Amino acid sequence: MKAEKPAHVRKLIMTAVPVLVVLAALATVWAWKRAAPVFSGTVSITFTERYDQPDKKITVTDPKEVRRIIGTIHLTRKDACSCSHVHEVTFDKPAERIEVSFCDHCFAVLGAKKNGWYPNARDYSMPKEFYSEFRELALSRTNEHWHVQP
Ligand SMILES: [Zn+2]
Ligand SMILES: [Zn+2]
């Protein structure tokens, strides 16, 4: 004859299982959030185009403008693309620099460089409004001919 667990033990298990499921979900969300780059605190944003020599650069340091541009970054993960990028943007914070390689549909956060490549690069979809901000800035440099997508 199979021994039944006492009622109080069954009740404990019934309570503990959902709690553990919720905790596991929270831990996953937390780990995910932690992995996502944080752009707040940026004091300077620099866009670079490596296409013709010399490289072109646009640097934004006006706090209001920096905040507006940062506000357009809403990231969703996507698979890596094989497209080649001529554009990079760096976000400089007092104690950190975030480097991003991008095109009109990719926003690849590069992470630390090791042996000439970026083993921790994370791929996100290009936020449309962020690309628009970049396009506006690039096109306002009428004598520089930046390679921007319409
Ligand atoms: Zn692509
Ligand atoms: Zn791309």
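Could you tell me which residue out of Tyr131, Tyr51, Val100 lies farthest along the dipole of region 50-150 toward its positive end? Charges go on the beta carbon: Lys and Arg +1, Asp and Glu -1, centred on the Cα centre. Of Tyr131, Tyr51, Val100, it is Val100.
Between beta-carbons, use under 12 Å as the cut-off and find the net charge around Lys128, counting Lys and Arg +1, Asp and Glu -1. The answer is -2. Set the Förster radius R0 to 30 Å, insert the Cβ-Cβ distance between Arg97 and Glu136 as r into 1/(1 + (r/R0)^6), and round the FRET efficiency to 0.05. Here the calculated transfer efficiency is 0.80. Compute the acute angle (0 to 90°) between the alpha-carbon long axis of helix 128-139 and the principal axis of greatest extent of the alpha-carbon atoms of the chain; round to the nearest 10°. The angle comes out near 10 degrees. Taking the convex hull of the alpha carbon positions in the chain and averaging its projected area over all directions gives 15.2 nm².
Treat every Asp and Glu Cβ in the chain as -1 and every Lys and Arg Cβ as +1, leave all other atoms uncharged, and give the resulting dipole magnitude about the Cα centre to the nearest 20 debye. Roughly 1020 debye, rounded to the nearest 20. Taking a ≥ b ≥ c as the square roots of the eigenvalues of the Cα gyration tensor of region 49-112, is the shape rounded (a/c under 1.5), prolate (a/b larger than b/c) or oblate? Since a/c reaches 1.5 but b/c is at least a/b, the shape of region 49-112 is classed as oblate. Against the main long axis of the alpha-carbon atoms of the chain, helix 7-35 sits at an angle near 10°.
Within the chain, the longest segment free of exposed loop sites, counting GluC sites (Glu not before Pro) that fall outside DSSP classes H, G, I, E and B and have at most 14 other Cβ atoms within 10 Å, spans 5-143.
With the helix formula -39500 (n - 2.57) applied to DSSP H stretches of n ≥ 4, the chain reaches a computed 222 nm mean residue ellipticity of -11000 deg cm²/dmol.
What net charge do the residues around Ala108 carry, taking every other residue with its C-beta under 14 Å from that of Ala108, with Lys and Arg at +1 and Asp and Glu at -1? Here the count lands on -1. Sparse packing (at most 14 other Cβ atoms within 10 Å of the Cβ) combined with a DSSP loop state is found for the following trypsin sites (Lys or Arg not before Pro) in region 50-150: Arg50, Lys113, Arg141. Would you mind counting up the charge near Val148? Only other residues with Cβ under 13 Å from its Cβ, with Lys and Arg at +1 and Asp and Glu at -1. With Lys, Arg at +1 and Asp, Glu at -1, the net is -2.
Values in this text are rule-based calculations from the coordinates and carry no lab data. Fair warning: this is a prediction, and the values are worked out from it, not measured in the lab. Neighbour counts run over all protein chains shown; Cβ positions are idealised from the backbone, glycine included.
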